[in-house]
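Remarks on the structure that follows.
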Amino acid sequence: MKKKIRCSILIIVLCVVTLKSNGQVTPPMGWNSWNKFRFNVSENLIKETADAMKKQKLIDCGYRYIVIDDGWQSKSLGKDSLLLADEKKFPNGIESLVDYVNALGFELGIYSSPNKLTCGGYPGSLGLERIHAKQFSDWGVKFVKYDYCPARNKEKSNSGELILKRLKAMHNALSDIDSSIVYAICEKGWVSGQIPNARSYRKQIKITPQNRKELFHWAPELGTMWRTTNDINPTWGKIMQILDSQEGLATLSGPDSFNDPDMLEVGNGKLTLSENRSHFSLWCILTAPLMLGSDVRNIPDEILEIITNKELIDINQDKLCKQAEKIYDENGIEIFLKPLLNKEMAVCILNRADFAQDLMLKWEDLGVDEEEMILVRDLWLHKNIKKEGKYISTKIDAHDVMVLRISKN
Ligand code: GLA
């Protein structure tokens, strides 16, 4: 009997390992066209983006996937229900674009939907999952964003079971055809009938940090990453709203499984330098996929400095893949702690107030046992901090952060 149980456990473990064996252990990093360019995607844009990402050494920081979001497709399907790229936007087709980005060391990503139409009204992959997965794989695409679009398809009353069946159909097709493809699910809570942050669609159940995880309990088994919110925009208010809606999701995160609070808006809109720094830092400690969303062909130096902060990226890419949790929340100061390998940890102190604050925080508030000899490093100043006494004192500007890496000496 015991033998039988052990055997079943082994089979289950093997299944999980083989089902998701795309080798993407840490959060995917790259660029996605949507935040900045919406449907205005083209071969030239993608090539120029790849060139710029190479030139600015973004590739050396780990930014690897270049993802074309919605709008790359032609308005109708081709022969045998194949997806066609819009001929005007992509005159040489997707395959040659894959060759182009591959030659520079990147992988190409693409977008489709488990509906008849995508959110932008282009043909989706519903019922054609195997055909389209094969097509993506034949082209050499290594990342598929799969976006559930009920409103566009007037399907708002679909059951969770049905939605899950559709998401699984693409999961199974990709796993069978090319398991090295990253499967990025974007359903925002529809499976459970809940849309975080979108009041108009919300059912009566109140989403709290205690029950929020139930919205996405099915996701780690299917996707490398799954969207946990509705769409981001480049405003401080929205970024804070998304941050709040990540509370309670940390235990879903692990190697090859990531909550996705949406693509980065760093460098977009009117975010201040402090806000850009906070947004990037928070996504890093949330162990979120780092998908750049600005026009990387024209990045101001101070923004480039943010997105290439290797010490912060190392925190995001830590192999333990644990997502930070909030451990302190008082007077507009919030502290998040992310456990790292080798008993190290990252601590992010966020000042949400609209004014600078002088802080005297107990090391204890940061989760630091002061009896232990520790090394504290400020990841924005790139300097070690001397630990003297029970307190750390600092000043943090409005909407800014301090990020520390704490390790034993
Ligand atoms: C949805 C997604 C966005 C983007 C658009 C494209 O709104 O949430 O990230 O992919 O669709 O139409």
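The values are calculated or read from the model by the stated rules, or taken from the named source; none is laboratory data. The structure displayed is predicted, hence computed values, not measured ones. Every residue, glycine among them, receives a Cβ derived from its backbone with ideal geometry; neighbour counts consider all protein chains shown. To get the accessible areas, we keep the full protein, side chains included, count just its heavy atoms, and leave off ligands, DNA and RNA. Shrake-Rupley method; radii C 1.70, N 1.55, O 1.52, S 1.80 Å.
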Just to be sure before I move on: is Glu311 open to solvent by 20 Å² or more (accessible area, probe 1.4 Å), modelled with pLDDT of 95 or more and in contact with a strand residue (DSSP E or B) (Cβ under 9 Å, 6 or more places away or on another chain) in the structure I sent?
yes
From the list Gly189, Gly127, Gly120, Gly140, exactly one residue is in the same structural domain as Tyr65 (by TED's automatic domain parsing) and modelled with pLDDT under 95. Which is it?
Gly189
Reported set for the range 177-189 where residues are out of contact with any helix residue (DSSP H, G or I) (no Cβ under 8 Å at 6 or more places or on another chain) and farther than 16 Å from Asp147 by Cβ is Ser180
Do we have Gln56 as over 30 Å from Asn298 (Cβ atoms) and out of contact with any Lys or Arg (no Cβ under 9 Å at 6 or more places or on another chain) here?
no
Restrict the check to the range 197-214 and report whether at least one residue is open to solvent by less than 10 Å² (accessible area, probe 1.4 Å) and within 16 Å of the ligand (Cβ to nearest atom).
no
If I ask for residues that are in a loop (DSSP other than H, G, I, E, B) and within 16 Å of the ligand (Cβ to nearest atom), which ones from the range 155-170 would you list?
Glu155, Lys156
Does Lys165 count as without any contact (Cβ under 8 Å) to a residue 40 or more places away in the chain, within 24 Å of the chain's Cα centre (by Cα) and at negative phi?
yes
Evaluation of Lys134 against (1) part of a helix (DSSP H, G or I); (2) within 30 Å of Gln194 (Cα to Cα); (3) charged (D, E, K, R) (one fails), failing number
(2)
What number of residues in the range 39-69 are under 19 Å from the mean Cα position of the chain (by Cα) and either not in a helix (DSSP H, G or I) or not assigned by TED's automatic domain parsing to the domain that holds Gly254 (or both)?
9
Considering residues that are outside any loop (DSSP other than H, G, I, E, B), surrounded by fewer than 24 Cβ atoms within 10 Å (Cβ to Cβ) and more than 13 Å from the ligand (Cβ to nearest atom), the number found within the range 102-122 is 3
Considering every residue within the range 359-369, establish whether at least one is open to solvent by 10 Å² or more (accessible area, probe 1.4 Å), within 23 Å of Pro220 (Cα to Cα) and touching a residue at least 12 places away in the same chain (Cβ under 8 Å).
no
Say whether the condition of being surrounded by 19 or more Cβ atoms within 10 Å (Cβ to Cβ), more than 15 Å from the ligand (Cβ to nearest atom) and part of a loop (DSSP other than H, G, I, E, B) is met by at least one residue in the range 221-234.
yes
Which condition breaks for Glu330 when tested against (1) surrounded by 13 or more Cβ atoms within 10 Å (Cβ to Cβ); (2) over 19 Å from His279 (Cβ atoms)?
(1)
Do the conditions hold for Gln241, that is, is it at pLDDT 95 or above, farther than 30 Å from Val98 by Cα and within 16 Å of the ligand (Cβ to nearest atom)?
yes
Residue among Lys75, Lys36 that is in a loop (DSSP other than H, G, I, E, B), open to solvent by 30 Å² or more (accessible area, probe 1.4 Å) and within 16 Å of the ligand (Cβ to nearest atom):
Lys75
The condition from (1) over 26 Å from Arg227 (Cβ atoms); (2) in contact with a helix residue (DSSP H, G or I) (Cβ under 9 Å, 6 or more places away or on another chain); (3) of a type outside the set (Phe, Trp, Tyr) that Leu337 misses is numbered (1)
For the range 252-265 the number of residues that are within 16 Å of the ligand (Cβ to nearest atom) and in a loop (DSSP other than H, G, I, E, B) is 5
Could you tell me which residue of the range 123-134 is surrounded by the fewest Cβ atoms within 10 Å (Cβ to Cβ), considering only residues that are more than 16 Å from the ligand (Cβ to nearest atom) and more than 24 Å from the chain's Cα centre (by Cα)?
Gly127
